[in-house]
Amino acid sequence: MSELIKQVSALKTAAREILGQIEDIDAQRTALDQQRDTITSANVSKADFLGYLRAYMKFKAKRFRQHTLDLLQPQRSFGRLEAGKGSEAGFASMRRFFTGDSSAMYISDEAVFFYFEDVIIARLSEELEALDWENDALPVALRLEHLRTIEQAKTELDLQRAELVSVMREAGFSDN
Amino acid sequence: MQYQMIQTVQHDGKMLNAGEVLDLTERESAPLLASHAIQLVPQDFVGRTFKISLE
C-alpha cells in the first residue's frame with residue numbers, strides 16, 4: 001500500500017514539475033511580449049522618421065511615375081506635338097502629368113511626391129527640429145532585428161509548451 | 001497570448017478577418033479587446049491545478 005502511495009505521490013510530483021516548466025515558459029513569453037511592446041511603442045529617431053516618410057512618398061510616386069510614362073509614351077510624335085502647339089486643348093491629356101489618373105484638375109499627392117520628394121523631406125526635416133527627438137533611439141534596422149529574434153524565441157517556447165502539454169495529456173492529465 | 005477575431009476589422013492598416021487567430025501582446029490586444037473585436041483563446045494548463053482521467 002505504501003508503495004502505491006509513493007507511486008501516486010511521484011506522479012503528482014512529476015505533474016507539478018511539468019506544470020512548473022509550463023509556468024516558466026509562460027513567464028518567459030510574457031517577458032518577450034513586454035520587450036516587444038517596449039520596442040514597438042518607443043519613438044524612432046528623426047532620421048528614421050523621415051525614412052518612413054520618404055518610403056511612403058516613393059511608394060506613391062512609383063505608381064505615378066509609371067502612369068505618367070504610359071501617358072506620355074504615345075504623345076511624342078512630331079505631328080501630334082505640332083498640332084497641339086499653342087492650343088490648350090492640344091495638350092489637355094498631357095496635363096495628367098500633374099493629376100495622375102484623376103480627371104479632376106488638381107495636383108495629386110502622388111505627383112507632388114514624385115516631383116518634390118527631396119524638397120518635402122528637407123523642409124520637414126527643418127520643421128521637425130521643433131519636436132523633441134531621442135538622439136539615442138534604437139535604430140529601426142536594429143529594432144526589426146530584435147523583433148525577429150523575439151518572434152523566433154516565442155515560436156520555440158510555444159513548441160516546448162505544446163510538447164509539455166502533450167506529455168500531460170498522454171499521461172491522462174487535464175486542466176478542466 | 002493568442003486571441004481570436006470575433007469580427008472583421010481594419011487595424012493598423014491591415015484587414016483582420018473574423019475567426020483569425022492572432023498572437024498579440026498586452027498593448028496590442030488592449031484596443032481590440034476594448035472594442036470587442038477579439039476574444040482570448042484559453043490556454044491549456046494555466047495555473048497549477050489539474051485533473052487526472054483513469055480511462
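If the condition is being without any contact (Cβ under 8 Å) to a residue 24 or more places away in the chain, under 18 Å from residue A:49 (Cβ atoms) and charged (D, E, K, R), then the stretch A:130-176 contributes A:132, A:136.
Rundown of residues vs (1) surrounded by 11 or more Cβ atoms within 10 Å (Cβ to Cβ); (2) within 11 Å of chain A (Cβ to nearest Cβ); (3) touching a residue at least 12 places away in the same chain (Cβ under 8 Å), yes/no style:
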position	(1), (2), (3)
B:6	yes, no, yes
B:15	no, no, no
B:23	yes, yes, yes
B:50	yes, yes, no
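The criterion of at least 1 residues that are among the aromatic types (Phe, Trp, Tyr) and at pLDDT 90 or above is met, among helices (runs of 4 or more DSSP H) falling completely within the stretch A:70-176, by A:109-127. For the stretch A:39-58, filtering for residues that are touching a helix residue (DSSP H, G or I) at 6+ places or on another chain (Cβ under 9 Å) and within 14 Å of chain B (Cβ to nearest Cβ) leaves 6.
Could we say that residue A:36 is surrounded by 13 or more Cβ atoms within 10 Å (Cβ to Cβ), within 14 Å of chain B (Cβ to nearest Cβ) and either in contact with a helix residue (DSSP H, G or I) (Cβ under 6 Å, 6 or more places away or on another chain) or part of a helix (DSSP H, G or I) (or both) here? Yes: the conditions hold for residue A:36. Applying the condition of being touching a residue at least 12 places away in the same chain (Cβ under 8 Å) and touching a helix residue (DSSP H, G or I) at 6+ places or on another chain (Cβ under 8 Å) to the stretch B:26-38 and asking which residue is farthest from the other protein chains (Cβ to nearest Cβ) yields B:38.
The values are calculated or read from the model by the stated rules, or taken from the named source; none is laboratory data. This one's a predicted model, so the numbers in the text were calculated from it and none came from an experiment. With ideal geometry, Cβ positions are generated from the backbone for all residues, glycine too; neighbour counts draw on all protein chains shown.
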